[in-house]
Amino acid sequence: MGLVTAFVNNPVKVSVGVLLLALFGLIALDRLPMQLTPEVQIPTITVTTRWPGASPVEVEREIVQEQEEQLKSVEGLVKLSSESSDSSGTVILEFGVGTDMGSALLKVNARLQQVREYPEEADEPVITTSSSNDSPIAWFILRPLSPDTATVEAFQDSHPELREVLEPVRTAHGTGLRMARLERVIAEHPAAKALAPADIDITELRRFAEDNIEATFERVAGVSNSNVLGGREEELQVVVDPRQLASRGLTIDDLRQALRLRNKDTSGGDFWESKRRYVVRTLGRLKSPEEVRSAVVARRDGKPVYVRDVAEVRLGHKKPDGWVKNFGTTSIAVNCLRETGANVLDVMAGLRVARDDLNETLLHAAGLHLEQVYDETEYIDSAVGLVNQNIVVGGILTVIVLLLFLRSARSTLVLALAIPTSLVGTFLVLDLLGRSLNVVSLAGLAFAVGMLVDNAVVVLENIYRRYQNGEDRVTAAVRGTQEVWGAVVASTLTTLAVFLPVL
């Protein structure tokens, strides 16, 4: 086998090659994305169409069903699903792995052009590509700033009778736990209320998070989007008086249609003057309760019927989709999703920097604090660290066992060097293939180390046998390897064949 002879007769070249492999492997290791599990990317296209003011039934009947009828025959489509909600409809198309998304987007767009017509008030469909990997990697809780340790200690000094009951508050780790303990103390000892922060309306807290925190997190490299949950969103509510409607010969549909037509911006075209082009738009969106009250619903006997004549307009809150509670207290939560393929560790590091910057500047000035309550990298570090530890311990035990049975420091050293060299080379291959470092890939490396040691022991034992029979080291290395390489390769391929269906 000429390859074995070439390696044995050119030790310098082989050594340089191994060093280069180790160098590039270490560089690749630093570049590899770190994840808990392998990322399965399902090519997905989402079509979202907004129809302000429409009910889910109307959205389903007038928009979603029409789109599904055209999109169900898109080439390469694996799964088609849809969701209809107030004022919005979403159609989700999933394609087979490896689908060219550029081509798929063109096909979906072409099919949507064949939809006969949309309701006049509906917006144009928005087509986006997304991944099925949409689990948040971080959760944060926004709450009023709790008293720090120094403040609690100063209060204890000024109120000796509360020193003992405030001790759990002083020693609490985390803002949420400290506030929960403080609330229990206040319930029994009202004098401790002086330590509590000023009450902040949960609606204002949500608006503050949407305006400031959400945008800050979305600017972090590797973050696809951020969402604010909890609290209640404000909305203008029109409470209809059925008697007033009936007395004017109107229905709720008439009122809804009038508001829908009034509450929109209209394009007025464009015109040229000299060398400048001017775009004309009519701004008609309703922005205040007074504008809604003054909207004309219809005309009766030549007189306008206003919304205020048939309904009460007030500022209220939307029905909440859910509640966020932390230590029993209603709170505002913010989560972050990473971009497909982004390194979780790098993204989380950027989020921590953004969080600390917010807490030290904007939030501190507003008397607020942002606390991280979930960090996916903690689980990743724990799982990956455990696998790494098992690999290291397994390698050390392997070296010890080989030293005991082979009774040769040289042979053991060869195996001890082969293990890390092979692992580092694997990192380079993973990087070139665009893979990630996760629990599954590390477990595979641990299994591969076992196969490597088995094969190396067979080769070394045969070389050592020929060397003891009187052959020189070079001849023993070449002929000993040539004798068993076929069996070693066959054994390895047999093992790989077992796992091939899994891949």
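The values are calculated or read from the model by the stated rules, or taken from the named source; none is laboratory data. Nothing here was measured: the structure is a model prediction, and the numbers come from that model. Glycine also receives a Cβ, built like all others from the backbone with ideal geometry; neighbour counts cover every protein chain displayed.
Can you list the helices (runs of 4 or more DSSP H) found entirely within segment 1-75 that contain at least 1 residues being without any contact (Cβ under 8 Å) to a residue 60 or more places away in the chain and within 30 Å of Gly444 (Cα to Cα)? Working first, answer last.
On the way: elements: 2-9, 11-31, 56-59, 65-71.
So the answer is 2-9, 11-31.
Among the residues of segment 167-186, how many are in a helix (DSSP H, G or I), hydrophobic (A, V, I, L, M, F, W, C) and closer than 19 Å to Lys325 by Cα? First the steps, then the outcome.
Kept after step one, since they are in a helix (DSSP H, G or I), are these residues of segment 167-186: 167-170, 175-186.
Still in the list and also hydrophobic (A, V, I, L, M, F, W, C): 169, 177, 179-180, 182, 185-186.
So of that shortlist, the ones also closer than 19 Å to Lys325 by Cα come out as 177, 179-180, 182.
So the count comes out to 4.
Could you give me the residue pairs with C-beta distances under 8 Å whose first residue belongs to segment 462-491 and is in a loop (DSSP other than H, G, I, E, B), whose second residue is at pLDDT 85 or above and of a type in the set (Lys, Arg) wherever it lies, and which are 6+ apart or on separate chains?
Glu471/Arg479
Those residues that are assigned to a helix (DSSP H, G or I) and touching a residue at least 60 places away in the same chain (Cβ under 8 Å), I need them from segment 430-461; list them, please.
Keep residues of segment 430-461 that are assigned to a helix (DSSP H, G or I), which gives 430-432, 439-461.
If the condition is that a residue be assigned to a helix (DSSP H, G or I) and touching a residue at least 60 places away in the same chain (Cβ under 8 Å), then Leu430, Asp431, Leu432, Val439, Val440, Ser441 are the ones that fit.
Could you list all residues from segment 427-450 that are surrounded by fewer than 19 Cβ atoms within 10 Å (Cβ to Cβ) and at pLDDT 85 or above?
Val429, Leu432
Pick from Val401, Val424, Val440, Val387: which is touching a Gly at 6+ places or on another chain (Cβ under 6 Å) and either within 27 Å of Pro33 (Cβ to Cβ) or not assigned by TED's automatic domain parsing to the domain that holds Ala22 (or both)? Before the answer, list the steps.
Numbers: Val401 fails: touching a Gly at 6+ places or on another chain (Cβ under 6 Å); Val440 fails: touching a Gly at 6+ places or on another chain (Cβ under 6 Å); Val387 fails: touching a Gly at 6+ places or on another chain (Cβ under 6 Å).
Going through Val401, Val424, Val440, Val387 in turn, just one is touching a Gly at 6+ places or on another chain (Cβ under 6 Å) and either within 27 Å of Pro33 (Cβ to Cβ) or not assigned by TED's automatic domain parsing to the domain that holds Ala22 (or both): Val424.
Name the residue, out of Glu83, Glu94, Glu117, Glu58, that is farther than 30 Å from Leu255 by Cα and either out of contact with any Phe, Trp or Tyr (no Cβ under 6 Å at 6 or more places or on another chain) or surrounded by fewer than 14 Cβ atoms within 10 Å (Cβ to Cβ) (or both). Outline the logic, then answer.
Details: Glu83 fails: farther than 30 Å from Leu255 by Cα; Glu117 fails: farther than 30 Å from Leu255 by Cα; Glu58 fails: farther than 30 Å from Leu255 by Cα.
Matching residue, one of Glu83, Glu94, Glu117, Glu58: Glu94.
Report every pair of residues separated by at least 6 positions or lying on different chains whose Cβ atoms are under 9 Å apart, first residue within segment 117-129 and over 14 Å from Thr90 (Cα atoms), second aliphatic (A, V, I, L, M) and buried (at least 16 other Cβ atoms within 10 Å of the Cβ).
Tyr118/Ile63; Pro119/Ala54; Pro119/Ile63; Glu121/Ala54
Test Ala366 against the criterion of being touching a residue at least 60 places away in the same chain (Cβ under 8 Å) and more than 30 Å from Ser146 (Cβ to Cβ), and give yes or no.
Values: touching a residue at least 60 places away in the same chain (Cβ under 8 Å): yes; more than 30 Å from Ser146 (Cβ to Cβ): no.
The answer is no for Ala366.
Looking at segment 112-147 only, could you name the residues that are of a type in the set (Gly, Ala, Ser), part of a loop (DSSP other than H, G, I, E, B) and either at pLDDT 85 or above or farther than 17 Å from Leu351 by Cβ (or both)? Let's see the steps before the verdict.
First, the residues of segment 112-147 that are of a type in the set (Gly, Ala, Ser): 122, 130-132, 135, 138, 146.
Okay, now just the ones that are also part of a loop (DSSP other than H, G, I, E, B), so 122, 131-132, 135, 146.
Correct list: Ala122, Ser131, Ser132, Ser146.
Restricting to segment 321-332, and then to whatever is under 26 Å from the mean Cα position of the chain (by Cα) and not in a strand (DSSP E or B), can you tell me which residue is surrounded by the most Cβ atoms within 10 Å (Cβ to Cβ)?
Only one residue fits best here, namely Ser331.
With Asn343, Asn335, Asn390, Asn359 as the choices, which residue is modelled with pLDDT under 80 and under 23 Å from the mean Cα position of the chain (by Cα)? Quick ask: steps written out before the conclusion?
Numbers: Asn335 fails: modelled with pLDDT under 80; Asn390 fails: under 23 Å from the mean Cα position of the chain (by Cα); Asn359 fails: modelled with pLDDT under 80.
Just one listed residue meets the conditions, Asn343.
Need pairs with beta-carbon distance below 9 Å; first residue closer than 16 Å to His369 by Cβ and within segment 331-352, second polar (S, T, N, Q) and surrounded by 18 or more Cβ atoms within 10 Å (Cβ to Cβ); sequence gap 6+ or separate chains.
Taking only residues 6 or more apart or on different chains, the pairs are Ala333/Asn326; Val334/Ser226.
Take segment 493-503 and flag every residue that is surrounded by 10 or more Cβ atoms within 10 Å (Cβ to Cβ) and at pLDDT 85 or above.
Going through segment 493-503, the residues surrounded by 10 or more Cβ atoms within 10 Å (Cβ to Cβ) turn out to be 493, 495-496, 499.
Residue satisfying the conditions is Leu493 alone.
Touching an Asp or Glu at 6+ places or on another chain (Cβ under 8 Å), of a type outside the set (Asp, Glu) and within 25 Å of Ala22 (Cβ to Cβ), is that true of Ser441? Spell out how you get there, then give the answer.
Numbers: touching an Asp or Glu at 6+ places or on another chain (Cβ under 8 Å): no; of a type outside the set (Asp, Glu): yes; within 25 Å of Ala22 (Cβ to Cβ): yes.
So Ser441 does not fit the description; no.
Being of a type outside the set (A, V, I, L, M) and either without any contact (Cβ under 8 Å) to a residue 12 or more places away in the chain or in a strand (DSSP E or B) (or both) is the filter here; which residues of segment 99-111 pass it? Spell out how you get there, then give the answer.
Just the residues of segment 99-111 that are of a type outside the set (A, V, I, L, M), to begin with: 99-100, 102-103, 107, 109, 111.
The answer is Asp100, Gly102, Ser103.
Within the bounds of segment 202-223, is there any residue that is closer than 22 Å to Lys319 by Cα and not in a helix (DSSP H, G or I)? It would help to see each step written out before you state the result.
First, the residues of segment 202-223 that are closer than 22 Å to Lys319 by Cα: 202-211, 214.
Next cut, not in a helix (DSSP H, G or I) only: none.
No, every residue in segment 202-223 fails to be closer than 22 Å to Lys319 by Cα and not in a helix (DSSP H, G or I).
Out of segment 301-341, which residues are closer than 24 Å to Glu204 by Cβ and among the β-branched types (Val, Ile, Thr)?
Val313, Val324, Thr329, Thr330, Ile332, Val334, listed by residue number.
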